[in-house]
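J.: Structure below; questions to follow.
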Amino acid sequence: MVSPIDTHAAYLNPILSVHRHNANDLLQILIKAQEHYGYIHSDAIDHLSSQLQLPRSKIEGVAGFYSFIYLQPQGCYRVLFSDNITDRMLGNMDLMESLCSQLWVEPGKISEDGLLSVNTTSCTGLCDQGPAMQVNNIAINRLSQSRVNAICELIRERVPLSAWPVEFFAIEDNIRRPDVLLDSQFKSGSALHALLQHGTVETLQQIKTSKLRGRGGAGFSTGMKWEFCREAEGEQHYVVCNADEGEPGTFKDRVLLNGYADMVFEGMTLCARIIGAKKGFLYLRGEYRYLLEHLQAVLQHRRHQNLLGNNILGNSDFNFDIVIHLGAGAYICGEESALIESLEGKRGTPRNRPPFPVTHGYLNQPTVVNNVETFAASCLISLHGGEWYAAIGTDTSSGTKILSVSGDCERPGLYEYPFGVTVAQVLTDCGAVNTQAVQISGPSGVCIAPDEFNRCIAFEDIPTAGAFMVFDQSRDMFEVARNFVHFFKHESCGFCTPCRVGTSLLSNMMDKLSAGHGSPYDFAEIEKLNVLLQSTSHCGLGHSACNPVLNTIAKFRPAYDKRLAHKDFVPAFDLDVALSQARQMTGRDDTGAHLERSHESK
């Protein structure tokens with residue numbers, strides 16, 4: 001008789017063999033194991049525990065951390081509607097309701113026949129062509145009622161995804177304004193040839209001369225980071241490309257990886273030569289799973305060109321290769337230390353710093369972590385020199401910045417500008433009219449009003465990771481902020497109590513205001529909560545969780561004032577309203593059946 005463990009061993013052992021039974025690859029092993037049943041079977045955990053010599057609790061803890069890893073059946077079709085604010089503006093909730101109605105399934109649940117489950121997920125990086133969804137981790141864009149109807153029919157007929165219409169999966173780049181990077185016509189190997197010609201010391205100096213700063217939002221000097229890592233002691237040095245762009249409204253990395261992957265990988269190889277690394281990782285967010293085969297093909301092509309692997313370009317001391325590591329739906333892994341924890345097969349909990357990754361990163365070794373756009377830009381510097389790059393942009397912010405423009409505009413997509421461009425110029429170029437507000441750098445960034453549209457995109461004014469969401473006069477800025485607050489609540493890693501509890505309290509307060517139970521008291525509580533989160537949260541997520549609310553209260557106060565139905569505090573829970581169903585069931589609606597009326601009559 002074959003035991004359940006033996007049954008799972010049949011598909012798990014080949015996966016474990018590929019990963020050499022390395023516990024650091026736990027997340028990758030779980031992602032591949034899930035493909036067998038659509039979830040991680042309980043007996044499969046026992047087998048993995050035995051083979052990897054890990055406690056069962058550790059494996060369950062890691063699996064439970066990531067949104068796209070399931071420990072219970074989710075159906076043959078796992079449907080996730082993107083719930084970013086731009087998807088909401090385009091009617092995603094009505095489309096989800098339609099799909100659920102047609103397929104007889106409730107949101108957040110599995111259908112009675114086990115065929116499918118339907119839920120929401122955070123931003124899928126398709127804000128320029130939403131509403132969007134994922135079916136079994138594969139992205140579908142430009143949802144409409146007719147497309148949803150067709151999807152319902154395909155699911156009813158149990159048609160495999162591979163046989164669905166190809167146009168459902170056609171993701172566009174939407175490059176609207178290219179500049180020196182997006183219009184570079186990069187040739188494979190050219191930046192490496194320049195590096196070998198000038199030497200690593202000179203190339204590093206050019207990176208420093210260029211004043212290139214990290215494009216992930218923080219803006220730390222790239223040259224200094226590479227130099228610190230180069231000089232750090234360690235048995236191995238590593239290069240990590242952070243392609244986990246989970247900030248709602250950001251999708252530039254999606255386009256760079258789709259059309260400029262060769263340039264990104266060359267930038268990583270350039271960095272590896274300078275810091276002395278032999279291994280690199282591209283951490284690819286789970287929402288971009290559909291790009292994996294394309295990226296693997298680019299890597300393989302570079303190996304055939306002798307641009308990756310051993311003896312790169314004929315140099316016996318130049319050995320470097322890149323592994324793609326898939327994420328699994330955890331926004332917090334965009335933070336570099338949480339990303340490294342995930343690379344090591346753990347929950348993506350941010351580390352205490354110092355020490356920093358440049359000295360104690362992956363496997364406690366010196367590690368450079370840079371953004372996709374940063375690595376691509378380093379190739380331009382290798383080719384054209386640091387002074388050329390520093391001459392673009394402003395004195396403080398050199399080079400160009402790629403903006404992901406979405407929302408209420410005629411031409412959403414990617415716009416590349418030299419640093420220093422005004423918000424007003426971007427709005428004109430993308431065809432935005434009657435603009436009420438712009439959210440720059442996602443929910444954790446800043447919301448600006450029309451009297452600030454002359455401000456500049458630059459580290460000295462408005463720094464950004466790339467998100468640029470436009471809201472016209474028809475939008476309710478309270479609801480925009482409420483969507484962002486719910487995003488932070490959902491994406492809190494749960495490690496520290498202030499953030500775990502604080503983001504939940506904040507979302508409850510916003511829901512209370514939305515339900516008509518608000519008072520000035522609630523504003524004061526939000527202010528107190530912000531001070532608490534700023535001073536005690538473990539990482540930047542908690543620090544910035546109140547930003548959307550405080551920004552919109554300050555600049556769009558009328559959107560909040562109309563929710564202040566009371567001058568004095570009232571509780572969020574209304575018992576009389578909660579009893580309405582009981583009144584309906586008993587057929588009573590007299591004074592005695594209402595708490596307030598009954599109290600007043602006495």
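Every number here is computed from the coordinates shown, using simple stated rules; none is lab data. The model shown is predicted, which means the values in this text are computed figures rather than measured ones. Cβ placement follows ideal geometry from the backbone for every residue including glycine, while neighbour counts extend to all protein chains displayed.
J.: For the stretch 276-284, just list the computed ³J(HN,Hα) in residue order, Karplus coefficients 6.51, -1.76 and 1.60, θ = phi - 60°, integers in Hz, with x standing in for Gly and Pro.
T.: Per-residue couplings from phi come out as x, 8, 10, 9, x, 10, 9, 8, 9 Hz.
J.: Check which residues have an amide H placed less than 5 Å from Val323's amide H, if you skip close sequence neighbours.
T.: Gly280, Phe281, Leu282
J.: Estimate the FRET efficiency between Gln473 and Thr428 by the formula 1/(1 + (r/R0)^6), using the beta-carbon distance for r and 22 Å for R0, to the nearest 0.05.
T.: On the way: r = 17 Å, r/R0 = 0.77.
That gives a FRET efficiency of 0.85.
J.: Expressed as a rounded percentage, what relative contact order does the stretch 394-486 have, with Cα pairs under 8 Å and six or more residues apart?
T.: Relative contact order here is 32 percent.
J.: Looking only at the chain, where both bridge partners belong to it, what percent of the DSSP beta bridges are antiparallel (to the nearest 5)? Don't jump to the answer; show the numbers that get you there.
T.: Details: 26 of 56 bridges.
The antiparallel fraction comes to roughly 45 percent.
J.: Let me ask you something else. Using amide H atoms built 1.01 Å from N in the peptide plane, name the residues 5+ places from Thr121, or on other chains, whose amide H lies under 5 Å from its own.
T.: Placed amide hydrogens put Phe81, Ser82, Asp83 under 5 Å from Thr121.
J.: Oh, and also: Obtain the nm distance between the two label points defined at Arg56 and Ala297 by a simple spin-label model: each point lies 7 Å from its Cα along the Cα-to-C-beta direction.
T.: It works out to 4.3 nm between the two label points.
J.: Of all beta bridges DSSP finds with both residues in the stretch 188-345, what is the antiparallel percent, to the nearest 5?
T.: Given both bridge residues lie in the stretch 188-345, the antiparallel proportion sits at roughly 15 percent.
J.: Then there is this: Along the Cα-to-Cβ line of Leu363, 7 Å from the Cα, sits a label point; which residues in the stretch 323-345 have backbone N less than 16 Å from it?
T.: It comes to 323-325, 340-345, nothing else.
J.: Mind pulling the angle between the C-alpha long axis of helix 292-304 and the longest principal axis of the chain? Nearest 10 degrees, somewhere in 0 to 90.
T.: The angle comes out at about 0 degrees.
J.: At 7 Å along the Cα-to-beta-carbon direction for both Val18 and Asp173, put a label point, then send me their distance in nm to one decimal.
T.: 2.9 nm
J.: Still on this structure, please answer the following. What list of ³J(HN,Hα) values in whole Hz, one per residue of the stretch 241-253 in order, does the Karplus curve 6.51 cos²θ - 1.76 cosθ + 1.60 (θ = phi - 60°) give from phi, with Gly and Pro shown as x?
T.: 9, 7, 10, 9, 6, x, 5, x, x, 10, 8, 5, 5
J.: For Ala565 and Val166, calculate 0.36 nm times their separation in residues minus their Cα-Cα distance, and state this gained length in nm to one decimal.
T.: Separation in residues times 0.36 nm, less the Cα-Cα distance, equals 138.6 nm.
J.: Additional query: At 7 Å along the Cα-to-beta-carbon direction for both Ser42 and Tyr11, put a label point, then send me their distance in nm to one decimal.
T.: Here the modelled spin labels are 1.9 nm apart.
J.: Once phi is turned into θ = phi - 60°, what whole-Hz ³J(HN,Hα) does the Karplus curve with 6.51, -1.76 and 1.60 give for every residue of the stretch 337-342, x standing for Gly and Pro?
T.: These are the phi-based 3J(HN,Hα) values: 6, 5, 4, 5, 4, 5 Hz.
J.: For Trp388 and Asn508, what is the calculated FRET efficiency with R₀ set at 51 Å and r taken between the beta-carbons, to the nearest 0.05?
T.: 0.45
J.: Here's another thing I want to ask about it. In the chain, if the dipole is taken from +1 on Lys/Arg beta carbons and -1 on Asp/Glu beta carbons about the Cα centre, which of Leu564, Asn136, Tyr260 is farthest to the positive end?
T.: Going by the charge dipole, the pick is Tyr260.
J.: Using only the alpha-carbon atoms, what does the chain span along each of its principal axes? Please give whole angstrom values in decreasing order.
T.: Computed over the Cα atoms, the extents are 92, 75, 46 Å.
J.: Shape call for the stretch 77-172 from the C-alpha gyration tensor, a ≥ b ≥ c root eigenvalues: rounded (a/c under 1.5), prolate (a/b greater than b/c) or oblate?
T.: It is oblate, given that a/c is not under 1.5 and a/b is not larger than b/c.
J.: May I ask for log10 I(q)/I(0) of the stretch 348-451 at q = 0.15, 0.22 Å⁻¹, from a Debye sum over the Cα atoms as equal point scatterers with solvent left out?
T.: Listed by q, the Debye log ratios stand at -0.87, -1.15.
J.: Which shape class applies to the stretch 490-541: rounded if a/c is under 1.5, otherwise prolate when a/b exceeds b/c and oblate if not, where a ≥ b ≥ c are the square roots of the Cα gyration tensor eigenvalues?
T.: Working: a/c = 3.53, a/b = 1.71, b/c = 2.07.
Oblate.
J.: Taking amide H positions as placed in the peptide plane 1.01 Å from N, state which residues far from Phe468 in sequence (5 or more) or on other chains have amide H under 5 Å from it.
T.: The list, which skips near neighbours in sequence, is Ser404, Ser406, Ser441.
J.: Mind checking the dipole of the chain: about its Cα centre, +1 per Lys or Arg Cβ, -1 per Asp or Glu Cβ, Debye to the nearest 20? Each step should come with its number before you reach the end.
T.: Working: 51 positive and 67 negative charges, 136 e Å.
Computed about the Cα centre, the dipole is about 660 debye.
J.: So, one more: Let me make sure I get this right: for the stretch 176-390, a, b and c are the square roots of the gyration tensor eigenvalues over alpha carbons, sorted descending. Under 1.5 in a/c it's rounded, otherwise prolate if a/b > b/c, else oblate. Which is it?
T.: In terms of gyration-tensor shape, rounded.
J.: Under the 0.36 nm per residue contour assumption, what length would be gained going from the current alpha-carbon distance of Glu410 and Arg142 to full extension? Could the numbers behind the result be given before it?
T.: Values: separation 268, 0.36 × 268 = 96.48 nm, distance 1.51 nm.
Full extension of this stretch gives 95.0 nm more.
J.: Mean residue ellipticity at 222 nm from the helices of the chain, using -39,500 (n - 2.57) per DSSP H segment of n ≥ 4 over the full residue count, to the nearest 500 deg cm²/dmol? Could the numbers behind the result be given before it?
T.: Values: 26 runs with 263 residues, N = 602.
Computed mean residue ellipticity for the chain: -13000 deg cm²/dmol.
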